[in-house]
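Trainee: Okay, handing you the structure first.
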Protein chains: 4
Amino acid sequence: MNDTKRVEAFSDGVFAIAITLLILEIPVPEGSGHRLTQALLEQWPSYVAYVVSFLVIGVMWVNHDALFGLIAKVDRTLVFLNLLLLMVVAALPWPTALLAEHLRNTGDAKVAGVIYSGVMVIHALLYGCVWSYVVHRGHLLRPTVDAEAARSTRVRFNLGSLGYPVTVVLALFAPWAMLALHGLLAVYYAFNQLSVPERREPEEAPATVA
Amino acid sequence: MNDTKRVEAFSDGVFAIAITLLILEIPVPEGSGHRLTQALLEQWPSYVAYVVSFLVIGVMWVNHDALFGLIAKVDRTLVFLNLLLLMVVAALPWPTALLAEHLRNTGDAKVAGVIYSGVMVIHALLYGCVWSYVVHRGHLLRPTVDAEAARSTRVRFNLGSLGYPVTVVLALFAPWAMLALHGLLAVYYAFNQLSVPERREPEEAPATVA
Amino acid sequence: MNDTKRVEAFSDGVFAIAITLLILEIPVPEGSGHRLTQALLEQWPSYVAYVVSFLVIGVMWVNHDALFGLIAKVDRTLVFLNLLLLMVVAALPWPTALLAEHLRNTGDAKVAGVIYSGVMVIHALLYGCVWSYVVHRGHLLRPTVDAEAARSTRVRFNLGSLGYPVTVVLALFAPWAMLALHGLLAVYYAFNQLSVPERREPEEAPATVA
Amino acid sequence: MNDTKRVEAFSDGVFAIAITLLILEIPVPEGSGHRLTQALLEQWPSYVAYVVSFLVIGVMWVNHDALFGLIAKVDRTLVFLNLLLLMVVAALPWPTALLAEHLRNTGDAKVAGVIYSGVMVIHALLYGCVWSYVVHRGHLLRPTVDAEAARSTRVRFNLGSLGYPVTVVLALFAPWAMLALHGLLAVYYAFNQLSVPERREPEEAPATVA
């Protein structure tokens, strides 16, 4: 139960499937000739939503990888916090499809945008919980990780999280600006906000992980 | 054939896919304006069913991970018992969708609820078979696992299983109480019911599994 | 390129996804009351097809696992033979859905049954190719595997393969008997037909695989 | 963050799912009798598109495996270049379905063919970026890999890439020739174009990667 390997494998699976299911939400138009070209052009919100959600999930995965790279073992609490996080990750194809379907109608885009951003807020909260749990006591961290430095990343990490409630408000006024902000937040988290200086592993100690 | 690694990888894959396919069952409403909001609100049984089934499969996976953490190798019988178990896990998106579709009509919810709970009964039976097979002879357990203690968990484990036939009966009278009971059973199994005291691995022996 | 690890991981992924996608082919009936119950009962061919195809793919996976357990490395030819094999495995949800859709109408069941069995014939041929390639020169086998004994399994292995062309003919007369024969063939291959006596690994040699 | 293991596992997942989702794009005809047979025959473009796209993704995966076999660690830049590459891989079921749907009508096939080939051009460009990034500085390569020889593969590798813009032009005149050329390009890349002579690992040094 305290091996990180299967938790990582299961999480990788859920991330990989959620990110690949996004494509199923883009319709294949049936029309012919001019109507086909037009139908393909008209569903551009689907392409934009695909790219943004792919980047968002991709960046989530990269940070999940970085986080689990800092820990040596898991406990039951972390496994279940991670499971709740994955519940939101696995759900993302749905708000993505909802947004793509309604992005061209401003009124409906607000409803869809609030839901899309709301799911992201929940995700950011859960991610914060996972990270706080890991660094608070630090009992799961690898021996080479500086627990104090890890704790201090929480400020920088939560700073980005503040962007998510903003996207909910933004969705009510400008759905497109909201989508752009999600893109920007993905870029923010693409840079390593969980970077923790690692002490050099002493030469004589045996490797801690295979 | 007696390596647990690929059986775990394949099982992780099936669990991860089944849990992520659940989201495909939530419809993306097409209406506009007021009708969109209403359609989104009206399909709340889909959200509830998603959360409950996600937790159920998630807890199943956590226990599957715990179980395979106790064994050092697999034999042909365990591989096939595990395959039957996965057949039920992979099927869960279907009763979930069925329940979500029919939960608002009490009469139909009973039919859907009996099927949903029936699948869970089959799952609990198969899980019991896998666990009993593993602990009965104990020939697959890791050398550090106390086979006697492992056997004694069966009482506590099967105690929870008794809840599943109850959900079938409950489905006939109160589909909602049934769903709540499934949530409670997931919480019961979220606590480690397979906890087995492990003897300390002797310092001089080489590690048995990587 | 000559490490089996990623080929196994990719294959496990394709097997796990194909086996889990089978459930998407079972429709969720929309009717209410008596019509719901009837619709659920009427689509029993879907349930039977799910169980048979799940067992077939599951047994394929178990034997794939057994086969790769005998080899120490892969070469480009084996990777591509394996890729062709996976092309057929990944396709199986389609003939399964076709068969489920048309099993109740005897005339249409023959067409669907011939296609279903035809795909299985192609699968058996490719599996035979993979196995023959592995044992023919034996250059990929693990050093502890007796190449001569491995070669001699081909008779027993191909004996089962003869059953698949029979299912094609049977589909033309009795689609149900055909489906039952597929179940029987899965049971035949569930018993280890690739069992190869392994020489004891010499104590002084280092372990060949991690 | 500098371990290749999870990047490979996540990439394997995306490749495996994208390649297996291709089958969902082949419709299951509902008609009966003569109409069923005819409907099955008429959707042959779906079968051809399935086979070609399966081979294309399969060959992509084999080369991805070969590429990651040459590197010992990843950095943030490579992780994100790889993520962009996966965004295109995960998208492939969509242009495949589009092409299958419109291949029989020459006019529409041109539109669908240009999109299909365009996605492949983007994929080739991103693949070229990943490979160039890896070999340019060579800081991620395994110590046994000859960085100079790795750099020199770029000519041969990019030679194949020139075929993709040709497919876009070809799509405008002969969609079928375009599809055949994609098949040929898959065969070109099936042969190891990333083959790099490896220096013998010195006997006394410890293995660098498991």
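Coordinate-derived values only; no laboratory data. Just so you know, these numbers come straight off a predicted model, no measurement behind them. Every residue, glycine among them, receives a Cβ derived from its backbone with ideal geometry; neighbour counts consider all protein chains shown.
Trainee: I'd like the mean, over residues of C:75-84, of how many other protein chain beta carbons sit within 10 Å of each residue's own Cβ.
Mentor: That works out to 3 on average.
Trainee: For labels at residue B:51 and residue A:166 in the simple 7 Å Cα→Cβ model, what's the distance in nm?
Mentor: 2.9 nm
Trainee: Let me ask another. Working from Cα positions, state the angle (0 to 90°, nearest 10) between the long axis of helix C:44-70 and the longest principal axis of chain C.
Mentor: Relative to chain C, helix C:44-70 is tipped by roughly 0 degrees.
Trainee: Once amide H atoms are placed 1.01 Å from N in the peptide plane, what residues at a sequence separation of 5 or more from residue D:141, or on another chain, have their amide H within under 5 Å of its amide H?
Mentor: D:72
Trainee: In nm, what does the list of distances from residue D:155 to its counterparts in the other copies look like, shortest first, when each label sits 7 Å along Cα to Cβ?
Mentor: In nanometres, ordered from closest: 5.5, 5.5, 7.8.
Trainee: Oh, and also: What residues have an amide H closer than 5 Å to that of residue C:92, excluding those fewer than 5 places away on the same chain, when H is modeled at 1.01 Å from N in the peptide plane?
Mentor: none
Trainee: Taking a temperature of 37 °C and a viscosity of 0.692 mPa s, what whole-number D in µm²/s does Stokes-Einstein yield for the protein assembly as shown with Rh from Kirkwood over alpha carbon pairs?
Mentor: 116 µm²/s
Trainee: Let me ask something else about it. Just from its helices, what would the mean residue ellipticity at 222 nm be for the protein assembly as shown, if runs of 4 or more DSSP H residues each count -39500 (n - 2.57) and the sum is divided by every residue, rounded to the nearest 500 deg cm²/dmol?
Mentor: -24500 deg cm²/dmol
Trainee: Continuing with this model, one more query. What value does segment A:57-107 have for Rg/Rh, both radii from Cα atoms and Rh as Kirkwood defines it?
Mentor: Ratio value, two decimals: 1.17.
Trainee: Return the distance in nm (one decimal) between the two label points of a simple spin-label model at residue C:174 and residue B:144, each offset 7 Å from Cα along Cα→Cβ.
Mentor: 5.6 nm
Trainee: Determine the relative contact order of chain C: mean sequence separation of Cα pairs under 8 Å and six or more apart, normalised by residue count, in whole percent.
Mentor: 25 percent.
Trainee: Sticking with this one: In peptide A:28-36, how many Cβ atoms from other protein chains are near each Cβ within 10 Å, on average?
Mentor: 5
Trainee: Among residues other than residue D:13 whose Cβ falls under 11 Å from its Cβ, what is the net charge (Lys/Arg +1, Asp/Glu -1)?
Mentor: Spelling it out: positives minus negatives among the neighbours equals -4.
Trainee: Once the other residues with Cβ under 15 Å from the Cβ of residue B:47 are scored (Lys, Arg +1; Asp, Glu -1), what is the net sum?
Mentor: Net charge around residue B:47: -2.
Trainee: Another question about this same structure. Ignore the peptide's own chain and count Cβ atoms of other chains within 10 Å of each Cβ in C:87-98; give me the average, rounded.
Mentor: Mean number of neighbouring Cβ atoms from other chains: 5.
Trainee: Label position 7 Å from Cα toward Cβ: report the copy-to-copy distances for residue C:27 in nm, one decimal, ordered from shortest.
Mentor: 1.5, 1.5, 2.1
Trainee: When Lys and Arg each count +1 and Asp and Glu each count -1, what net charge do the other residues less than 14 Å away from residue B:133, Cβ to Cβ, add up to?
Mentor: Once all neighbours under 14 Å are counted, the net charge is +4.
Trainee: Taking a label point 7 Å from Cα toward Cβ, how far is residue D:3 from its twins in the other copies, in nm, shortest first?
Mentor: Once sorted, the set of distances for residue D:3 reads 1.3, 1.3, 1.8 nm.
Trainee: Could I ask something else about it? How many angstrom lie between the C-alpha centres of segment D:68-126 and segment B:34-70?
Mentor: 32 Å
Trainee: With the crude spin-label approximation of a point 7 Å out along Cα→Cβ, what separation in nm comes out for residue D:44 versus residue D:188?
Mentor: Going from the residue D:44 label point to the residue D:188 one covers 2.7 nm.
Trainee: Same structure, new question: Using only Cα atoms and rounding to the nearest 10 degrees, what angle (0 to 90) does helix D:175-190 make with the longest principal axis of chain D?
Mentor: 20 degrees
Trainee: Next up: Can you give the alpha-carbon Rg of segment D:100-192 over 2.2 N^0.38 Å, where N counts its residues?
Mentor: Working it through for segment D:100-192, the quotient is 1.32.
Trainee: With N set to the number of residues, divide the alpha-carbon radius of gyration of segment A:1-133 by 2.2 N^0.38 Å and report two decimals.
Mentor: This ratio for segment A:1-133 stands at 1.25.
Trainee: Would you mind checking A:73/C:5; A:5/B:73; B:73/D:73; A:73/C:73 for any pair whose Cα atoms are more than 21 angstrom apart?
Mentor: A:73/C:5; B:73/D:73; A:73/C:73
Trainee: With r defined as the distance between the Cβ atoms of residue A:37 and residue A:156 and R0 fixed at 56 Å, what FRET efficiency is calculated, to the nearest 0.05?
Mentor: My answer for the efficiency is 0.75.
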